[in-house]
1. Please list, ordered by first then second residue, the pairs with beta carbon atoms under 9 Å, 6 or more apart or interchain, first in the stretch 8-22 and touching a residue at least 12 places away in the same chain (Cβ under 8 Å), second of a type in the set (Lys, Arg) and outside any loop (DSSP other than H, G, I, E, B).
2. Return yes or no: is Thr123 of a type in the set (Val, Ile, Thr) and under 12 Å from the mean Cα position of the chain (by Cα)?
3. Hey, among Glu104, Glu140, Glu72, Glu124, which residue is touching a Lys or Arg at 6+ places or on another chain (Cβ under 9 Å) and surrounded by fewer than 19 Cβ atoms within 10 Å (Cβ to Cβ)?
4. I need the full set of residues from the stretch 75-101 which are touching a Lys or Arg at 6+ places or on another chain (Cβ under 9 Å) and under 17 Å from Glu34 (Cα atoms), in order please.
5. Which residues, taken from the stretch 75-101, are of a type in the set (Val, Ile, Thr) and surrounded by fewer than 16 Cβ atoms within 10 Å (Cβ to Cβ)?
6. Which one is surrounded by the most Cβ atoms within 10 Å (Cβ to Cβ), of the residues in the stretch 25-47 that are assigned to a loop (DSSP other than H, G, I, E, B) and among the acidic types (Asp, Glu)?
7. All but one of (1) of a type outside the set (S, T, N, Q); (2) part of a strand (DSSP E or B); (3) in contact with a Gly (Cβ under 6 Å, 6 or more places away or on another chain) hold for Tyr83; which doesn't?
8. Please return the ranges of strands (runs of 3 or more DSSP E) entirely within the stretch 89-141 where 3 or more residues are aliphatic (A, V, I, L, M).
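Derivation of every value follows stated rules applied to the coordinates shown; laboratory data play no part. Worth saying up front: this structure is predicted, and the values here are computed from it rather than measured. Quick reminder, even Gly has a Cβ in these numbers, built from the backbone with ideal geometry, and neighbours come from all protein chains shown.
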Amino acid sequence: MTSIIQALYDWFERCPILKDGYLNVERLGADPVEYTIDADQPADPIIKRYTDGDTIRQFPFIFASREEYGCETAKNIANSSFYEELSEWVEKQAADKNFPILDEGKNVQDIRVTSVGCPFSVTENTARYQILMNLIYYQEVI
């Protein structure tokens, strides 16, 4: 059985715009460049329930990175630009129906970017940038 977070990890590993950083789950190191995929705040996972028990579900998550940050405007613009490109990549994958591969009985319907990428927490030399996303999928009754 493959977890949803594992499917997202595998999917993002194929993203060509990720810099030579380390991709992780639920952990972001202190040194740039690193990426993480984190489950987002609790939300009702079921969006819609059908009479036969099948459901439309959601899995909200965060894609974040540790980036160099500081007084240099060019670095900060590059960080913001990366998240614009990442949003475009995700939207293109969704349009092409190139979704993460879930277990049998679970079929991705959409993956959506739900916020802009921005600095979330900063230190003198680095910042955690993040963007919120939502995976929508159909799940057959078990």
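1. Once the first residue is touching a residue at least 12 places away in the same chain (Cβ under 8 Å) and sits in the stretch 8-22, its partners that are of a type in the set (Lys, Arg) and outside any loop (DSSP other than H, G, I, E, B) give Gly21/Arg66.
2. Details: of a type in the set (Val, Ile, Thr): yes; under 12 Å from the mean Cα position of the chain (by Cα): no.
No; evaluated as a whole, the condition is false for this residue.
3. Numbers: Glu104 fails: touching a Lys or Arg at 6+ places or on another chain (Cβ under 9 Å); Glu72 fails: touching a Lys or Arg at 6+ places or on another chain (Cβ under 9 Å); Glu124 fails: touching a Lys or Arg at 6+ places or on another chain (Cβ under 9 Å).
None of the other options fit; the residue is Glu140.
4. Phe82
5. Within the stretch 75-101, the first condition is being of a type in the set (Val, Ile, Thr), and the residues that meet it are 77, 90, 101.
Matches in the stretch 75-101: Ile77, Ile101.
6. So in the stretch 25-47, the residues assigned to a loop (DSSP other than H, G, I, E, B) come out as 26-33, 40-45.
In the following step, the residues that additionally are among the acidic types (Asp, Glu) were identified as 26, 31, 40, 44.
On the way: Glu26: 10, Asp31: 12, Asp40: 15, Asp44: 7.
Result: Asp40.
7. (2)
8. Numbers: elements: 106-113, 118-122, 126-139.
Those strands (runs of 3 or more DSSP E) span 106-113, 126-139.
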